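Notes follow the structure.
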Amino acid sequence: MSDIPRISIRLDGSMSPRQCVELATEADKAGLSGVWFAENAFARGIWPAAAACAVATRRIHIHAGVFNPFNRHPTMMAMEIGAFDELANGRASISIGAGIISASAKLSIDAEKPVPALRDALVILRGLLNGEEVNYVGQRFSAKKVRLDCKPLRDIPIFLAGRGDMTIKLAGAAADGLLVSNMCSAGYAGRSAELMRSARSQATGGRVVQYMPCIVNSSSLVALRDAKRIVGEMVPRFWTLGQKVPSAKEALLLGTTIEENEFAEAADRINRGQDPADVLDERYTTAFSIYGTAEECLLLAGRYKSAGVDELGLTFMGNSAPDAIRAIGQAVAAAN
């Protein structure tokens, strides 16, 4: 079905490795496109779960990241993803980003002005994964006459995660695609996709992948209520980030018809303990989640395809997650 993006699942450190394997195998059987791991600071590291998923699945692509070069040197990233791609029989890719500055500060790491660091990381990582000897001195990271002992099986795709214009352009110029965070509107994702592709030297290529929660229920009203609560958990945190990072605020507002004062009031009410199901209206759930019956979810997903997003990495939560993944897989199969 050409009017919906690829549908994948997103897994993160809030889930145990066993939970990750359960959901990855369901996604594999359901015919979904990929598994996107999100490694968040101080949560579970993704490698045990990712390795277990690689062994437990046969077809689905497995994407490792988002790795931060400030606490994992790009040479180490190359060693890890090269070995992981072997284990996954050529089904792997990797994503990198600058991480959250507040988390880096807890480690006394200076993560300000991340673009030069990301550029260095891409040069080193790309060269090593191409089987080259890398002799590179960068502004933040270097590799002097380094070559991997075991040459990777293939050209492993590298994605860049970030919001700022310079990072997005770098994704177009030096990576294989862009990873867009949760709580980014379709309008913002579309603008980012256009900006990334404008920076590419090739006329084609450059995938855009976006994360967001997905709530599937046979009752559209129940799905809406649950979507409000899941989005509501993120509203205060991302609104606070938006006060510090202009691109994060733009991601929340662009094309949503939600005004700044409305977003601020919603964040304040949720912080004061009010139920997000009572605070938020459908503008928030439509902008920042996929919800409803499986068929309704695909209709909402189509907006992102129209905006320029190639793939959605959907987060499924709770005991009903395996059933929701199966339902989405069936809807995708029927649509195709």
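Of all residues in segment 18-42, those being open to solvent by less than 50 Å² (accessible area, probe 1.4 Å) and either within 19 Å of the chain's Cα centre (by Cα) or more than 20 Å from VAL209 (Cα to Cα) (or both) number 16. Scanning segment 1-11 for residues that are among the hydrophobic types (A, V, I, L, M, F, W, C) and open to solvent by 20 Å² or more (accessible area, probe 1.4 Å) turns up just one, MET1. Scoring ARG229 on the criteria (1) under 18 Å from the mean Cα position of the chain (by Cα); (2) within 26 Å of MET317 (Cβ to Cβ) leaves a single failure, condition (1).
Quick check, is SER14 surrounded by fewer than 19 Cβ atoms within 10 Å (Cβ to Cβ), within 16 Å of ALA321 (Cα to Cα), within 18 Å of the chain's Cα centre (by Cα) and of a type in the set (S, T, N, Q)? It is true that SER14 is surrounded by fewer than 19 Cβ atoms within 10 Å (Cβ to Cβ), within 16 Å of ALA321 (Cα to Cα), within 18 Å of the chain's Cα centre (by Cα) and of a type in the set (S, T, N, Q).
Just a yes or no: is a residue in segment 259-273 in contact with a strand residue (DSSP E or B) (Cβ under 7 Å, 6 or more places away or on another chain) and on the phi < 0 side of the Ramachandran plot?
No.
Among the residues of segment 7-37, those identified as β-branched (Val, Ile, Thr) and either touching a strand residue (DSSP E or B) at 6+ places or on another chain (Cβ under 7 Å) or closer than 23 Å to ASP310 by Cβ (or both) are ILE7, ILE9, VAL35.
Condition check ((1) open to solvent by 40 Å² or more (accessible area, probe 1.4 Å); (2) touching a residue at least 40 places away in the same chain (Cβ under 8 Å); (3) not hydrophobic (A, V, I, L, M, F, W, C)) across all residues:
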residue	(1), (2), (3)
LYS244	yes, no, yes
ASP268	yes, no, yes
ARG283	yes, no, yes
TYR291	no, yes, yes
CYS297	no, yes, no
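Scanning segment 154-185 for residues that are more than 19 Å from LEU241 (Cα to Cα) and among the small types (Gly, Ala, Ser) yields ALA171, GLY172, ALA173, ALA174, ALA175, GLY177. In summary, helices (runs of 4 or more DSSP H) completely within segment 3-117 and bearing 2 or more residues that are modelled with pLDDT of 95 or more occur at 17-30, 47-56, 74-87.
Residues in segment 198-218 that are without any contact (Cβ under 8 Å) to a residue 40 or more places away in the chain and either open to solvent by 20 Å² or more (accessible area, probe 1.4 Å) or part of a strand (DSSP E or B) (or both): SER198, ALA199, ARG200, SER201, GLN202, ALA203, THR204, GLY205. Would you call ASN182 assigned to a loop (DSSP other than H, G, I, E, B), in contact with a strand residue (DSSP E or B) (Cβ under 8 Å, 6 or more places away or on another chain) and not small (Gly, Ala, Ser)? So ASN182 passes the test.
The values are calculated or read from the model by the stated rules, or taken from the named source; none is laboratory data. Nothing here was measured: the structure is a model prediction, and the numbers come from that model. In this analysis, Cβ positions are derived from the backbone assuming ideal geometry, glycine residues included, and neighbour counts consider all displayed protein chains. Heads up: the accessible areas ignore ligands, DNA and RNA and are worked out on the full protein's heavy atoms, side chains in. Shrake-Rupley method; radii C 1.70, N 1.55, O 1.52, S 1.80 Å.
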